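One structure is given here, and the rest of the page talks about it.
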Amino acid sequence: MHIPSSHVFEALSEKGVDQLHHANSVATACQFLRSRALLSRGTVERLGITQTPQESDDIDRRYSIWFDVFMDSVDIHHHARRANVYGPVLFVFDIGLIDRTGTGRLWVTKLNPTKWAGKSEKQRWFQDKDDLEENFVLGQFDQMVLARHSGGELPFKGHLRKIILDDPRHEDDEGIDTYSMAVGALRLAMQDVGLDIPIERRTCRQGCVCRRYWTENDDRTLKMFSPKI
Ligand SMILES: [Zn+2]
């Protein structure tokens, strides 16, 4: 069920949401920067540009959310003390991103699409502003904001505040530091379109297990941090 963006903006603001987040791989993040927009998986695929495969792709296709743009109300890595499975690059937007016309219709999930099997429309999606005011919970990872029918593209329009990047403390075969390589790629992508967004090295909360996630699987780390696929 679509909800006017002004209603989503008001309901989430009242809940204390002041930022929206989107996590992805370094290669895909570079494409977003060059486009100055968040792009849906389908849009990236249609344009034939680089994209890192995600395990949820099949589910996204099945529920026809392939052309939607996803955002989280919280920094999942920070709150869950683990790496975000969608990638080490976190785009941080102010909530003003959705407080304007031109955002398209917004939809808010109640459940992550990976848990949608056998669930009704009302169990999958918030229905209206009242539903959001009653049941939206800041920090509930299943509740995601989607820009649907927006042409698969949500322009940053000056609302991208910063990028937080995980440091996997990893070197490639030639001894090049993976974090530095990723920063270089993101900076280059910004330069190409005249953007200058601060990149912050992630500081983890005590007990965060992301270090293990990035050290236990070399292929995954290279796939997520490599500027090219
Ligand atoms: Zn961490």
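The values are calculated or read from the model by the stated rules, or taken from the named source; none is laboratory data. Keep in mind the model is a prediction, meaning the values are calculated, not measured. Quick reminder, even Gly has a Cβ in these numbers, built from the backbone with ideal geometry, and neighbours come from all protein chains shown. To get the accessible areas, we keep the full protein, side chains included, count just its heavy atoms, and leave off ligands, DNA and RNA. Shrake-Rupley method; radii C 1.70, N 1.55, O 1.52, S 1.80 Å.
For this structure, a couple of remarks:
- Between helix 26-35 and the chain there is an angle of about 60 degrees, using the helix long axis and the longest principal axis of the Cα atoms.
- Dipole in debye (nearest 20) - the chain, about Cα centre, beta carbon charges: Lys, Arg +1; Asp, Glu -1: 180 debye
- Karplus 3J(HN,Hα) series, Hz, for segment 206-211 with 6.51 cos²θ - 1.76 cosθ + 1.60 (x for Gly, Pro): 4, x, 5, 9, 5, 4
- Cysteines in the chain lacking a second Cys C-beta under 4.7 Å: 30, 210
- Gained length - residue 142 relative to residue 123, 0.36 nm times residue gap less alpha-carbon distance: 5.7 nm
- Extended-chain gain in nm, criterion 0.36 nm per residue less alpha-carbon gap, residue 216 and residue 36: 61.5 nm
- Accessible surface of the chain, 1.4 Å probe, proportion on carbon and sulfur as whole %: 47 percent
- Peptides 132-138, 1-7 ordered by average Cβ neighbours within 10 Å, highest first: 1-7, 132-138
- Euclidean distance of C-alpha centroids, segment 150-229 and segment 119-137, integer Å: 33 Å
- 1.4 Å probe accessible area per residue over the chain, in Å²: 48 Å²
- At the listed q of 0.08, 0.11, 0.17 Å⁻¹, the Debye profile of the chain, built from one uniform point per Cα, gives log10 I(q)/I(0) equal to -0.28, -0.54, -1.31.
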